[in-house]
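The values are calculated or read from the model by the stated rules, or taken from the named source; none is laboratory data. None of the values given here were measured: they were computed from a predicted structure. Cβ placement follows ideal geometry from the backbone for every residue including glycine, while neighbour counts extend to all protein chains displayed. For the accessible areas, the whole protein counts, side chains as well, though only heavy atoms, and no ligand, DNA or RNA atoms are used. Shrake-Rupley method; radii C 1.70, N 1.55, O 1.52, S 1.80 Å.
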Amino acid sequence: MPELETITETGEYILNVGPQHPATHGVMHLRIKLDGEIIESIEPVLGYIHRSIEKMSESLTYRQLIQMTSRMDYLSAHINNTGVALTIERALQVEVPQRALVVRTILAELTRLASHQLWWAATGLDLGAVTPFFLGFRDREVITTIFEEVCGSRLTMNYIVPGGLMEDIPNGFAERVNKFLIDFEHHLPEYDQLLSDNEIFLARNVGIGILSKEEALSFGCSGPMARASGLSCDVRKWHPYDLYSSLEFNEVLLTQGDCYARYKVRIREMYQSIRIIKQLINQIPEGEYQAKVKKIIKLPEGEYYERVETARGEFGVYIISDGKSSNPYRIKYRSPGFSNLASLSALATGGNIGDLVAIMASIDLVIPDIDR
Amino acid sequence: MSYLKDIYRSMSSMLSGMQLTGHYFMNFRKAETEQYPDNRLTLKMSPRFKGELTLLHNVQNMHKCTGCSACQLACPNGSITILEKRELTEDGKNKKRLQTFVWQHSMCTFCSLCVDSCPTGALKMEQRFEFTVADRKTLTKTLNKEGSQLAPDLR
Ligand code: SF4
Ligand code: SF4
């Protein structure tokens, strides 16, 4: 089998990274062709944790398939759930109560914060700094505890249902979030102090893995990845859902397109998320938390596509309904991780093998999201 | 000159990071992590924590499950099987009753769709979370207790 050969005829060395490798953040396999230390070509080999979620969803009802999306990008579980719920709501033309919308938006931004915290922690660890890992997880722990109090799960939630929320928020939710915000605003500058200005970190990130705006566009990158290359693509701005059209926040845009720009975008996005939560947390309106939706949902015949902005980029849900059955005829998820990973060859080819870890950390890979 | 400046800049950036590490080293506080399993006896999960699925029974060993199978239909992976029986009520009607509530613990994804779908509120996800067993057959559980009955107001 040619794939097992480690030296090609022309003398390049084939290096297999993964499927079990700490830097790949999951079971992903990279086949790298090396000329000395220079990467000649790099090819991700996927499928190690493919669970055929899309096919499985075709035999589940609309209520049942939402919990599957928590198992794709598990760091953006609430946002993924919102994506599916949103598609169903818009197809059924259900009006979601204001209270549910506010809570959903708060939870989405908390999810984004938690995801970026974990990414920051893991980035530090990947590049050889251990302290960020502890500090990142210290703050993330508070958010996951809030999630646990709200919906009973820390990672794979199933709280957002078509029409609103599964249960009302618990007492003291706003106080808990407020307390977290106060603490975290105090902690966020520490992130900069520890890592952002660190000389070693800068040397390993600035000017490494440059992605141009055109490349970002052609690979279909989204989220912080594309915004670091100057491509404005925030779904919350371009196709507002939930309450985002009425909120004040900035889309963080940088133009350098290197690893450090991607790092900066995510750090600044955390400030924006805090800003969004602050606008809502003290004004959660009273009232219903769930609109009346039939127990057995049947979408009218047709095709539906909605998108949401997860911590990694644009998550799209495409549903075809035949109008008769209570499960989708076909469902397709557009996951941000897959397109972001596609740019890996553009980022890493021609660079040093040692930079690969920094590049992978800056893409913020979640492999179950890529493989589904 | 710029060489010296570079050295100064990198040293100061690293020292400022070290200063933070030193700050936390000197000012250690209560551990942020759970001291599990040392705190097993005092550890309380939040009220909504999704642990083991339970069919709620009151002190008279009565539950609220009418055997309607709504939870079985709602479950995305077939973890629940409701076995029914027919029972003659006092006024002579032949009614459907719950015989056995089978829950396959090993298949459950803890989505709580079953709890949400139950029209009588008979189910709850309990706080218990230590599930390790030596034999996986024991993970197929019967949730209705021995000799339990349907609560009278639901008969
Ligand atoms: S637990 Fe609830 S939903 Fe399930 S069979 Fe019993 S009454 Fe019906
Ligand atoms: S929690 Fe979900 S997976 Fe588990 S038994 Fe209930 S419906 Fe089924």
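The mean sequence separation of alpha-carbon pairs under 8 Å and at least six residues apart, normalised by the residue count of chain B, gives a relative contact order of 28 percent.
Within the protein assembly as shown, A:C151, A:C221, A:C233, A:C259, B:C65, B:C68, B:C75, B:C108, B:C111, B:C118 have no other Cys Cβ under 4.7 Å of their Cβ and so lack a disulfide-compatible partner by this rule. Summing Cβ point charges (Lys, Arg +1; Asp, Glu -1) relative to the Cα centre of region A:49-371 gives a dipole of roughly 720 debye.
For chain A, relative contact order (Cα pairs under 8 Å, six or more residues apart, normalised by length) works out to 26 percent.
Between A:N178 and B:D135, the modelled labels are 5.5 nm apart [label points 7 Å from Cα along Cα→Cβ]. Remark: the A:S325-A:Q256 segment gains 19.9 nm on full extension, using 0.36 nm per residue and subtracting the alpha carbon distance.
Only one residue of A:P189, A:I14, A:I276 has its Cα farthest out toward the positive end of the dipole of chain A, where Lys and Arg carry +1 and Asp and Glu -1 on Cβ, and that residue is A:I276. About its Cα centre, the dipole of chain B is roughly 120 debye, where the only charges are +1 on Lys and Arg Cβ and -1 on Asp and Glu Cβ.
Rg and Dmax of region A:49-371, based on Cα coordinates, read 19.4, 61 Å. Global size of chain B: 27.0, 102 Å for Rg and Dmax (C-alpha atoms, Rg to one decimal, Dmax whole). Protein heavy-atom surface of region B:1-137, 1.4 angstrom probe: 58% of the accessible area is carbon and sulfur, with nucleic acids and ligands not counted. Annotation: A:L202 carries an accessible surface of approximately 40 Å², with a 1.4 Å probe and no ligand, DNA or RNA atoms counted. Evaluated at q = 0.19 Å⁻¹, the base-10 log of the normalised Debye intensity for region A:138-272, with identical point scatterers placed on the Cα atoms, takes the values -1.21. Here the 3J(HN,Hα) profile of region B:118-124, calculated from phi with Karplus coefficients 6.51, -1.76 and 1.60 at θ = phi - 60°, is 5, x, 9, x, 7, 10, 8 Hz, Gly and Pro shown as x. Listed values for region A:280-287 are Karplus-derived 3J(HN,Hα) couplings in whole Hz (6.51 cos²θ - 1.76 cosθ + 1.60, θ = phi - 60°), namely 10, 5, 8, 10, 6, x, 6, x, and x replaces Gly and Pro. Here A:T10 and A:E185 are evaluated by their C-beta separation; at R0 = 56 Å the FRET efficiency comes out at 0.50. Counting only aspartates and glutamates at least 8 places from A:K237 when in the same chain, those with an alpha carbon closer than 17 Å to its own are A:E109, A:E248, A:E251, A:E269, A:E306, A:E309, A:E314. Classified by the C-alpha gyration tensor, region A:285-356 has an oblate form. Its axis ratio a/c, with a ≥ b ≥ c, is 1.5 or above, and a/b does not exceed b/c. Helical content of the protein assembly as shown, expressed as a calculated mean residue ellipticity at 222 nm, amounts to -11500 deg cm²/dmol (DSSP H runs of 4 or more residues, -39,500 (n - 2.57) each, divided by residue number, nearest 500). Quick one: if the Förster radius is 22 Å, what FRET efficiency do A:K278 and B:R29 give, using the C-beta to C-beta distance and rounding to 0.05? The formula returns an efficiency of 0.25 here.
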